[in-house]
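All remarks here apply to the structure that follows.
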Amino acid sequence: MAWLREYLVSVVSASMLSGILIRLTRNSASGEIVRMLCGILITIVLIQPITGKKALLWESALPEFSAQAEDVIAEGTAAADNMRKEFIKQRVQTYILSRAGAMDADIQASVTLGENFVPCHVRITGRISPINRSKLTQIIASELGIPREQQEWIGQ
């Protein structure tokens, strides 16, 4: 009965590991590869008693598999962070341009994000009247939290 317990623990462990890896990489580019590898892992664990192998087939490959899984997770996290960063920059830039458009100003905005993807600097180029520039400066400071000192105006 000890072999049955060991077999069930192996199946549950492989399933849990696979589930965690698949969940962590479901939206990344390498998610399909991870799902395939997890399927192979579970298949190997399931057919292990049929093959008559006493030792777990995947035990020797586990450190390498873990290292690859960590690399995939790091890659997925970095890709998600980059997408989040670009999304926030686009939203902030679009907001500034829409507010400037309401003032009939023709500008371009480039936003820099700081820690935790918070906007910390903006570079604005184009033509805008001094009164509207003052209004837009105030809007950017109060609504987006970018202080006047971090607003760089070029071509005014």
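The values are calculated or read from the model by the stated rules, or taken from the named source; none is laboratory data. Everything numeric here is computed off the predicted structure, so don't read it as measured data. Areas reflect the complete protein model, heavy atoms only, side chains present, ligands, DNA and RNA absent. Shrake-Rupley method; radii C 1.70, N 1.55, O 1.52, S 1.80 Å.
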Counting only protein heavy atoms and a 1.4 Å probe, tell me what percentage of the chain's accessible area is made up of carbon and sulfur. 59
So how tilted is helix 31-51 from the main axis of the chain? Cα-based, degrees 0 to 90, rounded to 10. 10
Solvent-accessible area per residue for the chain (1.4 angstrom probe, square angstrom): 66
Helix 130-144 against the longest principal axis of the chain: what's the angle in degrees, Cα atoms only, rounded to the nearest 10? 30
For the chain, divide the Cα radius of gyration by the Kirkwood radius and give the resulting Rg/Rh value with two decimals. 1.35
